[in-house]
1. Would you tally the residues in segment 88-125 being small (Gly, Ala, Ser) and within 15 Å of the ligand (Cβ to nearest atom)?
2. Tell me which of these residue 50 doesn't satisfy, since it passes every other one: (1) within 10 Å of the ligand (Cβ to nearest atom); (2) within 18 Å of residue 128 (Cβ to Cβ); (3) assigned to a strand (DSSP E or B).
3. Just checking, does segment 180-189 include any residue being acidic (Asp, Glu), surrounded by fewer than 20 Cβ atoms within 10 Å (Cβ to Cβ) and more than 12 Å from the chain's Cα centre (by Cα)?
4. Among the residues of segment 41-58, write down those that are in contact with a helix residue (DSSP H, G or I) (Cβ under 8 Å, 6 or more places away or on another chain) and either surrounded by fewer than 22 Cβ atoms within 10 Å (Cβ to Cβ) or at pLDDT below 95 (or both).
5. Touching a helix residue (DSSP H, G or I) at 6+ places or on another chain (Cβ under 6 Å) and closer than 22 Å to residue 156 by Cβ: is that true of residue 72 in this structure?
6. What's the number of the condition residue 21 fails, among (1) at pLDDT 95 or above; (2) away from the ligand (no atom under 13 Å from the Cβ); (3) assigned to a loop (DSSP other than H, G, I, E, B)?
7. Would it be correct to say that residue 31 is aromatic (Phe, Trp, Tyr), within 13 Å of the ligand (Cβ to nearest atom) and surrounded by fewer than 17 Cβ atoms within 10 Å (Cβ to Cβ)?
8. Is segment 34-41 home to any residue that is near the ligand (Cβ under 10 Å from one of its atoms), among the aromatic types (Phe, Trp, Tyr) and at negative phi?
Amino acid sequence: MENSLQIVFATGNLHKVHEVNEIAKGSGVSFILPPEGFDPLENGETFERNSYIKAKEAAILSDSISLADDSGLCVEALNGEPGIFSARYDSTPQKRIDKLLANLAPFGNRNAKFVCAMTLVDGNGEIIHQVTAECRGKISKVQSGSNGFGYDPIFIPDGYTMTIAQMSDELKNSISHRGKALRMMIEYIQKNLI
Ligand code: ITT
């Protein structure tokens, strides 16, 4: 591609980097990991704030345009939990799934949504653009599938009868919170930055 832009993707989660590079294929935008030492203190109270904190830390470390994703699963009957604490709900991915299924067991309402906030900052950590997207669905009674990561084995998106972990990467990326957010962000980047 004639015009292209490499952006630091401010995360320690390799699944996210893999997904965003798949989603961005052919767009002229690609993503690389932040430099060593990237260890932001995610003490914001919203997905938007935490994505800004991560993007800013990566930009200052790398002196380069950076994008961060802060995401999580919000369960209606649990008043939006685990929400911004999705990665910290318990000590391992399997324990987090078990805890969520146990906490939700007494409830008939299994509605939930994945949320993804993305913040793009310049090399000084100043915000260039911010987007938020959702993927709505339900929490399954039992886990199934092994693709993806995190809570994918217990999330059934609206309009489907399988969990995200039973989907191909392509299908997940076409409907996911991260796919929707990144496509909006890439549209902005293509119009304004390359
Ligand atoms: P970074 O902060 O380094 O980016 P992280 O995994 O800690 O990595 P977050 O703080 O944004 O990222 O927490 C996101 C958590 O929400 C993630 O660890 C999963 O538990 C869950 N999550 C987010 N997106 C998901 C997805 O597409 N599929 C399944 N679970 C997801």
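1. Residues of segment 88-125 small (Gly, Ala, Ser): 91, 102, 105, 108, 112, 117, 123, 125.
Those left that are additionally within 15 Å of the ligand (Cβ to nearest atom): 91, 112, 117.
Residues in segment 88-125 being small (Gly, Ala, Ser) and within 15 Å of the ligand (Cβ to nearest atom): 3 in total.
2. (3)
3. Yes, segment 180-189 contains a residue that is acidic (Asp, Glu), surrounded by fewer than 20 Cβ atoms within 10 Å (Cβ to Cβ) and more than 12 Å from the chain's Cα centre (by Cα).
4. Of segment 41-58, the ones in contact with a helix residue (DSSP H, G or I) (Cβ under 8 Å, 6 or more places away or on another chain) are 41-47, 50.
Those that are in contact with a helix residue (DSSP H, G or I) (Cβ under 8 Å, 6 or more places away or on another chain) and either surrounded by fewer than 22 Cβ atoms within 10 Å (Cβ to Cβ) or at pLDDT below 95 (or both): 41, 42, 43, 44, 45, 46.
5. Values: touching a helix residue (DSSP H, G or I) at 6+ places or on another chain (Cβ under 6 Å): yes; closer than 22 Å to residue 156 by Cβ: yes.
The answer is yes for residue 72.
6. (3)
7. Numbers: aromatic (Phe, Trp, Tyr): yes; within 13 Å of the ligand (Cβ to nearest atom): yes; surrounded by fewer than 17 Cβ atoms within 10 Å (Cβ to Cβ): no.
No.
8. Quick first cut of segment 34-41, residues near the ligand (Cβ under 10 Å from one of its atoms) only: 34, 38-40.
Keeping just the survivors that are among the aromatic types (Phe, Trp, Tyr) gives 38.
The next check asks that each one be at negative phi; those that pass are 38.
Checking segment 34-41: at least one residue is near the ligand (Cβ under 10 Å from one of its atoms), among the aromatic types (Phe, Trp, Tyr) and at negative phi.
The values are calculated or read from the model by the stated rules, or taken from the named source; none is laboratory data. Treat the numbers as computed from the prediction; the structure is a model and nothing was measured. Methodologically, a virtual Cβ is constructed for each residue, glycine included, from the backbone with ideal geometry; neighbour enumeration extends over all protein chains shown.
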